[in-house]
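The values are calculated or read from the model by the stated rules, or taken from the named source; none is laboratory data. Because the structure is a prediction, the values reported are computed rather than measured. Cβ placement follows ideal geometry from the backbone for every residue including glycine, while neighbour counts extend to all protein chains displayed.
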Amino acid sequence: MDYTKYQIEGIIWSLARLRSQIATISSQQAETIFNVSLRDEIGKLVIKDSVPSFTLDLKPGRPSPICSPALGATMLRFELASVDEQDLSNLKVAVDQALKQEVTFEMRGHQIGGDEVLAGRAGLLAALLDVKKEVASQQAEFDGTAAEVAREIEQFANNAIPKLTKAILKPGKESSEEMMKSNPELDGIGPISWSWVDSYHSLGAMHGITGILAVLLNLQIGTIDDEIRKYYPDMAETISALCRVCIKNNGNLPMSIPPWPSDSARPSPLVQICHGTPGLLLLLAAAALNIDFSQQYYKPEWIETIYLGSQRVWDNGILSKGGGLCHGIAGNAWPLLMLHDCFEYECIPAKLLDGCSEEVKRAFLKEKSLTGDWLLSRALAMLQECSKTRPFENDEKYRMPDHPYSLFEGLAGTMCAWTEAVLTLQTRLIRLNAFERGEFNFLKDSADEVKARFRELLEARRGFPGMGMDFSYYKI
Ligand SMILES: [Zn+2]
């Protein structure tokens, strides 16, 4: 079988991810629904030894596993707890290349930035964060040589993460200074910004600033040091600059700064995770879930942006491109799902509401249009709509994605989003049941096993694929 043509790594990776999550969701419930043991069924599809090895062929400025079959297979073997020495070597070569790479590289006559999530260094950093999480959460699954190699890889990742982070932050600072010097009138460029194509800086999550910053904010306490923390004020100011642009555009985010030529010719702005407001919402959720960062730096205008941006996603986020993640409906639902937690579990400091506009205060306090319930209900409705898109349904409203079963454009990604939604719903039900039993203060009143189950479900979520998200430092 041509393994890469059908983007099978991503499909198997999503199945392996689902397999580990099903154990937490409750196999009993899954069996009742599907009349089979899903974990066993998926296990038959995902056979450890069936993942082939590829010769590592990293292209210049392209060290992300999303763009490399060899590194993608390494990440897949990690998910299946079957890594070997070749995987350690692959990661070492990729990190070594990433640390040495220039800020931009030439491709078809253009200077291309090498730090984005989809193909660049932020994608590799996210993979290293995933590796750490896998070793911690799947310890019992690794055996023999795989267990030894996994420990070596974890050590390597611990060492590489701060180095790679600094390697990404440094050119971000320099590119921004250069941009401000050459074009001081430019609106929206903060003190950290990365080059995308020539003099354009992309703002979207897959190719630009919002995605790179989201990965950097997913770094756990313990992997960051004071040298990284000293970039926090600049990161916060950059988020504020993006929010001001989004507010000025009534909740829409342009593709790039300066404006990408074809962007202004569109009848309406793009609303998708790769280009547009959903990427900024994902970043604002990542910033809130990093409690260390949010307690000090979250700003009222970020909440204003969530208010406006989530309405634009709800109004315009049902895309004819289908149900996928990168430019599809499930990708647009995902930030709303994450923002649900930020409001429901009060990760955004409540005192900031005082600095918000009367409209936002009203939305939050009276109209309930900026609450966990509002965000979750919209996310679920959007995910529900995915079931009407091709190839689920032959509805004329939606076109067939280029890769209809893949992780980033097709069913595999939609399935990952649905699993995350099911886990989120289960956390809500636990709290709701506790409340109905009269346990009004969950942390104080509920039994330890109830709180433990809540935490287990919360941490079983894996976050947006390729973003290295981790919910374990998120204290409830
Ligand atoms: Zn896309």
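The set of residues in the range 225-246 that are over 22 Å from Met179 (Cα atoms) and touching a helix residue (DSSP H, G or I) at 6+ places or on another chain (Cβ under 7 Å) comprises Asp225, Glu227, Ile228.
When the residues of the range 190-206 are narrowed to those that are over 19 Å from the mean Cα position of the chain (by Cα) and of a type in the set (A, V, I, L, M), which ends up farthest from the ligand (Cβ to nearest atom)? So, considering only residues that are over 19 Å from the mean Cα position of the chain (by Cα) and of a type in the set (A, V, I, L, M), the one farthest from the ligand (Cβ to nearest atom) is Ile192.
Kindly indicate the residue of the range 242-262 that is buried (at least 20 other Cβ atoms within 10 Å of the Cβ) and small (Gly, Ala, Ser) and also nearest to Gln311 (Cα to Cα) among those meeting that condition. Across the range 242-262, the extreme among qualifying residues is Gly251. Of the residues Ala236, Ala241, Ala205, the single one that is touching a residue at least 40 places away in the same chain (Cβ under 8 Å) and within 20 Å of Phe471 (Cα to Cα) is Ala205. Of all the numbered requirements in (1) within 16 Å of the ligand (Cβ to nearest atom); (2) within 30 Å of Asp226 (Cα to Cα); (3) of a type outside the set (Phe, Trp, Tyr); (4) part of a loop (DSSP other than H, G, I, E, B), Glu346 misses one, and that requirement is (1). When Ile239 is tested against (1) under 26 Å from Leu124 (Cβ atoms); (2) within 16 Å of the ligand (Cβ to nearest atom); (3) surrounded by 23 or more Cβ atoms within 10 Å (Cβ to Cβ), exactly one condition is not met: (2).
Quick one: which residue in Glu409, Glu459 is within 16 Å of the ligand (Cβ to nearest atom), acidic (Asp, Glu) and under 24 Å from Ile12 (Cα atoms)? Write out each step before concluding.
Numbers: Glu459 fails: within 16 Å of the ligand (Cβ to nearest atom).
Testing whether each residue is within 16 Å of the ligand (Cβ to nearest atom), acidic (Asp, Glu) and under 24 Å from Ile12 (Cα atoms) leaves just Glu409.
All told, Leu129 meets the bar of being closer than 28 Å to Leu458 by Cα and assigned to a helix (DSSP H, G or I). It is to be established whether one or more residues within the range 366-386 are closer than 25 Å to Met467 by Cα and within 16 Å of the ligand (Cβ to nearest atom). Within the range 366-386 (the criterion being closer than 25 Å to Met467 by Cα and within 16 Å of the ligand (Cβ to nearest atom)), the answer is yes, since at least one residue qualifies. Asp341: within 26 Å of Gln311 (Cβ to Cβ) and outside any loop (DSSP other than H, G, I, E, B), yes or no? So Asp341 fits the description; yes. Taking Arg266, is it among the charged types (D, E, K, R) and modelled with pLDDT under 95? Against the criterion (among the charged types (D, E, K, R) and modelled with pLDDT under 95), Arg266 qualifies. Does any residue of the range 374-397 turn out to be basic (Lys, Arg), at pLDDT 90 or above and surrounded by fewer than 14 Cβ atoms within 10 Å (Cβ to Cβ)? Within the range 374-397, one or more residues are basic (Lys, Arg), at pLDDT 90 or above and surrounded by fewer than 14 Cβ atoms within 10 Å (Cβ to Cβ). Of all the listed residues (Glu439, Glu456), the sole one being closer than 28 Å to Phe293 by Cα, of a type outside the set (Lys, Arg) and surrounded by fewer than 19 Cβ atoms within 10 Å (Cβ to Cβ) is Glu456. Within the option set Lys321, Lys299, Lys366, being at pLDDT below 95, more than 30 Å from Arg399 (Cβ to Cβ) and of a type in the set (Lys, Arg) holds for one residue only, Lys366. Pairing each residue of the range 122-150 that is under 25 Å from Val103 (Cα atoms) with any residue that is among the acidic types (Asp, Glu), provided the two are 6+ apart or on different chains, yields C-beta distances under 8 Å for Ala122/Asp115; Ala122/Glu116; Gly123/Glu116; Leu129/Asp470. In the range 263-284, the residue that is farthest from the ligand (Cβ to nearest atom) out of those that are buried (at least 24 other Cβ atoms within 10 Å of the Cβ) and free of Cβ contacts under 8 Å to residues at least 60 places away in the same chain is Leu284.
All of Thr389, Thr414 fail the test of being in contact with a Cys (Cβ under 9 Å, 6 or more places away or on another chain), polar (S, T, N, Q) and within 16 Å of the ligand (Cβ to nearest atom), apart from Thr414. Being more than 16 Å from the ligand (Cβ to nearest atom) and either β-branched (Val, Ile, Thr) or under 29 Å from Pro391 (Cβ atoms) (or both) is a property that does not hold for Ile318. Filtering the range 89-101 to residues that are among the aliphatic types (A, V, I, L, M) and either in contact with a Phe, Trp or Tyr (Cβ under 6 Å, 6 or more places away or on another chain) or surrounded by 17 or more Cβ atoms within 10 Å (Cβ to Cβ) (or both) leaves Leu91, Ala94, Val95, Ala98.
For the range 204-223, a residue qualifies if it is over 12 Å from Leu282 (Cα atoms) and in contact with a Phe, Trp or Tyr (Cβ under 9 Å, 6 or more places away or on another chain), and the qualifying residues are His207, Gly208, Leu216, Gln220, Ile221, Gly222.
A single entry from Lys170, Lys132 fulfils the requirement of being at pLDDT below 90 and either away from the ligand (no atom under 16 Å from the Cβ) or within 22 Å of Leu88 (Cβ to Cβ) (or both): Lys132.
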